[in-house]
Amino acid sequence: MQTDPNGPNPKKSKDSPSNSANTESTQSPSPFPDEVLEKVLSFLNSDKDRSSVSLVCKDWYNAERWTRTKLFIGNCYSVSPEIVARRFTKIKSVTLKGKPRFSDFNLVPQNWGADVHYWLLMFANVYPFLEELRLKRMTISDESLELLATSFPGFRALSLMSCDGFSTDGLKAIATHCRSLTELDIQDVDMDDFCGGWLSCFPEDFGSLEVLNFATLDSEVNFDALERLVSQCKSLRVLKVNKTITLDQLQRLLLRAPQLMELGTGSFQQELLPGQFGDLGIAFSNCKNLRTLSGLWEVASIYFPVLYVACASLTFLNLNYTALRSDEFGSLLAHCPNLRRLWVLDTVEDKGLEAVGSSCPLLEELRVFPADPYDQHLHRGVTESGFVAVSRGCRKLHYVLYFCWQMTNAAVATIVQNCPNFTHFRLCIMNPGRPDYLTNEPMDEAFGAVVKNCTKLQRLSMSGLLTDLTFEYIGKYAKNLETLSVAFAGSSDRGMQCVLEGCPKLRKLEIRDCPFGNAALLSGLEKYETMRSLWMSSCNVTINACQRLAREMPRLNVEVMKDKESDDSRADKVYVYRSVAGPRRDAPPFVLTL
Amino acid sequence: MERAAVYDNELNLKATELRLGLPGADESEKQSSRNNKRSSAEMDDSRDKDEQESAPAPKAQVVGWPPVRSYRKNILHQKNESDLSGIFVKVSMDGAPYLRKIDLKVYINYQDLLKALENMFKCSIGVYSEREGYDGSEFAPTYEDKDGDWMLVGDVPWDMFITSCKRLRIMKGSEAKGLGCL
């Protein structure tokens, strides 16, 4: 988000003559009346487009800010609520992202920050017509949820992804007060689930929900309340229930909502009588619009046939909490020819992935998660052959997240030759620093092949034994790269320097456990201002170097966190990000703001 | 335990076996040759390679690696627990007017289970022996396994039993005698 250093023009120029044919005023070079310009700009939805528009001239800057209704802030500390309030006046939808991504993996201590409360206070004041709030990796308390629920009469959509700090009490407030709620979407959160009573707090006549996702909550909800809710919400298109919902309960819900487009089931393991089995099959077959299927906790594969009719039209199958064998998986997959996205656990093994290659020619995205990531001794799961098999059958593949224990350079080269359209390539060889297991060489050539062949590559996550050569390749070829994640890789500062110098579109760089030091950090001074953020942990950076960075680049926030055992000069965790708001005022004691 | 090795492929019983020593020491042969106090200078190359290939056993787990969400870790942990437990099976006894249902997860071994059954049905089941089964006692506990076969309770390791048991039937001793001779 760019800010105008001269400050925004507070008054609309409606009263000044705007007839372009007569006035050749140097202050208004725009040939359009403001109203026309604003009308045109109101059709712009993309943030990137709006950013570009705002830079054209002062008139366009103002027209843009008066017509923007959707606010996207990728780093909540890059700007302050005050600055946002001054610039935009008509915001209806806000997306805020907080903590660095590595907080998902416990690398960021609790109470680090990214608390949304201060933002909500501002919104309550300035944007009373706020309708949507989408948070990712932010902390939100029950008090904040209560504030949210009671401050915005037209509030419609709440989405919390990877958030923490709240409990089911907060959800009660939302259900009770948000009369126009259309969306309640809770994913991957760290919350206190006291009881399922929150669902019963929706008013008896409530009928506006379109999206309801409480799959990650543990407690049982009142089923009658849920059934009533589902039958009254005629526009419900996304329903993702939690594990406590049984198969026969699911059947009753499906009967009430045959219009569903996305379904997350509950437990799929209950013992069914033959009649119930048939009813479930009918219920599923009635859902003609089903495109996404997930949930399937504790599945008993003998019940898969009830899904077959619905599977024919599925485009997204999410089995990442379902431990299936390759044979069970294969029989299910045979009924899903239209899949575009597939998430699975590695229990399906290479044989299962071969089935993917042969059954799903339209596949665009594949994510293979480890069922047992700490299983260091059996090393089951998938190998390079599974990946190659998928690439042979699924030529449209452009997004992959793959967890495995072994990989070879040759396999990756084959994969990217089969599928040169990768935009997201995330490969995690779970043993840190593992070489090509056949040749014992570093995996440099693998990632070299990726960046050479996949010219559209936007996101890359690397693993395995990697030298500076990998980074040279990246700097030389990955011209569209925006996000890079590196762990246990590289040989010297040169590696990081290659990337900083060579990747013009780089926005997010996250590094852990690499031998990059001060020279590498300081080689990117101006570069960091063009990026959203840099994360470096367990590298060779000192506090002095961080201080120098902070001194030379005042518009960067440089934050350091120290591990207890390390010596005083080391900067164990460094988080650098551009900001127009200056150093943050809510930093906890363990975060040093330089 | 020779038997355990046979079932290893499917159930990985060794991994859940309680014993002294750090996780990661697979077979007993390897265990004797690898002890934590060896000096690095004495390690020969072949042992080095061995170490690398068979995963770092004594190494501490790296924080935040592999990069999976904490939520996923919790789910899988719960999943593992529920895979081996929360298993309700019907129990019938010859001559009893109605069936009962028990949760196999609640019991820690055969002795525990049999005692509970004896209490529940007010019968005496006796002691298991590999050769004679429950020969000599009034009743014998049998179960239907995943393949639909009726098996004598007690032959297979406990962990394997609770994952393959579909229902239990306490047979009259006279009928069960046939089973014991197999």
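The values are calculated or read from the model by the stated rules, or taken from the named source; none is laboratory data. Everything numeric in this text was worked out from a predicted model, so none of it was measured. In this analysis, Cβ positions are derived from the backbone assuming ideal geometry, glycine residues included, and neighbour counts consider all displayed protein chains. Protein only, heavy atoms only, side chains kept; ligands, DNA and RNA dropped before computing areas. Shrake-Rupley method; radii C 1.70, N 1.55, O 1.52, S 1.80 Å.
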Row for the stretch A:440-560, column shape: gyration tensor on C-alpha, a ≥ b ≥ c, rounded if a/c < 1.5 i.e. under 1.5, prolate if a/b over b/c, else oblate; value oblate
tail above 24 Å in the computed P(r) of the stretch A:201-351, as % of all Cα-Cα pairs, reads 27
Debye log10 I(q)/I(0) at q = 0.10 Å⁻¹ for the stretch A:324-445, Cα point scatterers: -0.27
How much net charge surrounds residue A:583 when only other residues with a Cβ under 14 Å from its Cβ are counted (Lys, Arg +1; Asp, Glu -1)? +3
FRET efficiency, residue B:149 to residue A:379 (Cβ-Cβ, R0 35 Å, nearest 0.05): 0.60
Could you give the semi-axes, largest first, of the ellipsoid that matches the stretch A:32-176, computed as the square roots of 5 times the alpha carbon gyration tensor eigenvalues and rounded to whole Å? 30, 18, 12
Separation of the residue A:222 and residue A:57 label points, Cα + 7 Å toward Cβ, nm: 6.2
What percentages make up the Cα-Cα pair-distance distribution of chain A when the bins are 10 Å wide from 0? 3, 15, 22, 25, 22, 10, 2, 0, 0
Give a quick list of trypsin sites (Lys or Arg not before Pro) in the stretch A:361-429 that DSSP marks as loop, anything other than H, G, I, E or B, with at most 11 other Cβ atoms within 10 Å. none
Just to confirm the filter: which chymotrypsin sites (Phe, Trp or Tyr not before Pro) across the stretch A:123-176 are DSSP coil and have at most 16 other Cβ within 10 angstrom of their Cβ? A:129
Give me Rg over Rh for the stretch A:309-350, both radii from the alpha carbons and Rh done the Kirkwood way, two decimal places. 0.94
Estimated FRET transfer efficiency when R0 is 56 angstrom, pair residue A:507-residue B:122 (beta carbons, to 0.05): 0.15
Quick check: net charge around residue A:383, other residues with Cβ under 10 Å of its Cβ, Lys/Arg +1 and Asp/Glu -1? -3
Report the semi-axes of the equivalent ellipsoid for the stretch A:484-534 in whole Å, largest first, where each axis is √(5λ) for an eigenvalue λ of the Cα gyration tensor. 16, 12, 9
Assuming 0.36 nm per residue, please report the length gained on full extension of the stretch residue A:530 to residue A:439 beyond their Cα-Cα distance. 28.8 nm
Counting only DSSP loop positions in the stretch A:181-232, the GluC sites (Glu not before Pro) whose Cβ has at most 13 other Cβ atoms within 10 Å are A:204
For the stretch A:500-594, what class follows from the C-alpha gyration tensor (a ≥ b ≥ c being the square roots of its eigenvalues): rounded when a/c is under 1.5, otherwise prolate if a/b is larger than b/c, else oblate? oblate
If I stretch the segment between residue A:90 and residue A:121 completely, what's the gain in nm (0.36 nm per residue apart, minus their alpha carbon distance), one decimal? 9.5 nm
Can you show me the helix-derived [θ] at 222 nm for chain A, built from DSSP H runs with n ≥ 4 at -39,500 (n - 2.57) apiece and divided by the number of residues, rounded to the nearest 500. -9000 deg cm²/dmol
Pairwise centroid distance, computed over Cα atoms, of the stretch B:84-145 with the stretch A:448-462, Å: 60
If I model a spin label as a point 7 Å beyond the Cα along the Cα-Cβ vector, how far apart are those points for residue A:567 and residue A:327 in nm? 6.0
Reported to the nearest 10 Å², residue A:341 has, with a 1.4 Å probe, an accessible area equal to 80
Net charge near residue B:124, counting Lys/Arg +1 and Asp/Glu -1 over other residues with Cβ under 13 Å of its Cβ? +1
Which whole-percent values make up P(r) of the stretch A:177-236 when all C-alpha to C-alpha distances are grouped in 10 Å steps starting at zero? 22, 56, 22, 0
